[in-house]
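As structure tokens, the structure follows; a few thoughts come after it.
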Amino acid sequence: MKAAKQKEQEAKAAAQRRDNCARAQASLRDLQSGTRLTRTNEKGERVFMEEAAIAAEVARARDLITSECR
């Protein structure tokens, strides 16, 4: 019983990692596409991302890819 439950948890974790990996890869593609990216600020307004923010998001996406895409 315990082994079956552990296998089920491992399968769920693996599926979550695959999903995280796919989202991180898609995010990195979007960030590196060269198009102007926007985010919504606290007031609900769309604002263009600055280069520093894009660079930080690229680094974060790469870290996620390193940890989740095995």
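The values are calculated or read from the model by the stated rules, or taken from the named source; none is laboratory data. Note that the coordinates shown come from a computational prediction; the quantities given were computed from them, not determined experimentally. Cβ atoms come from the backbone with ideal geometry, glycine included; neighbour counts cover every protein chain shown. Side chains are part of the model used for accessible areas, which takes the heavy atoms of the whole protein and leaves out ligands, DNA and RNA. Shrake-Rupley method; radii C 1.70, N 1.55, O 1.52, S 1.80 Å.
A compact table of results
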{"item": "Per residue, in Å², the accessible surface of the chain once ligands and nucleic acids are set aside, probe 1.4 Å", "result": "84 Å²"}
{"item": "Under 17 Å from LYS12, Cα to Cα: aspartates and glutamates that are on another chain or at least 8 residues apart", "result": "GLU68"}
{"item": "Volume per residue that the Cα convex hull of the chain spans, once the total is divided by residue count, Å³", "result": "107 Å³"}
{"item": "Cβ-placed point charges (K, R +1; D, E -1), dipole of the chain about Cα centre in debye, nearest 20", "result": "420 debye"}
{"item": "Share of carbon and sulfur in the accessible heavy-atom surface of the chain [1.4 Å probe, %]", "result": "51 percent"}
{"item": "Principal-axis tilt of helix 51-68 within the chain, Cα atoms, nearest 10 degrees", "result": "10 degrees"}
{"item": "Rounded to whole Hz, the Karplus (6.51, -1.76, 1.60) HN-Hα couplings of segment 27-39, x for glycine and proline", "result": "4, 4, 4, 4, 5, 8, 6, x, 7, 6, 9, 10, 10"}
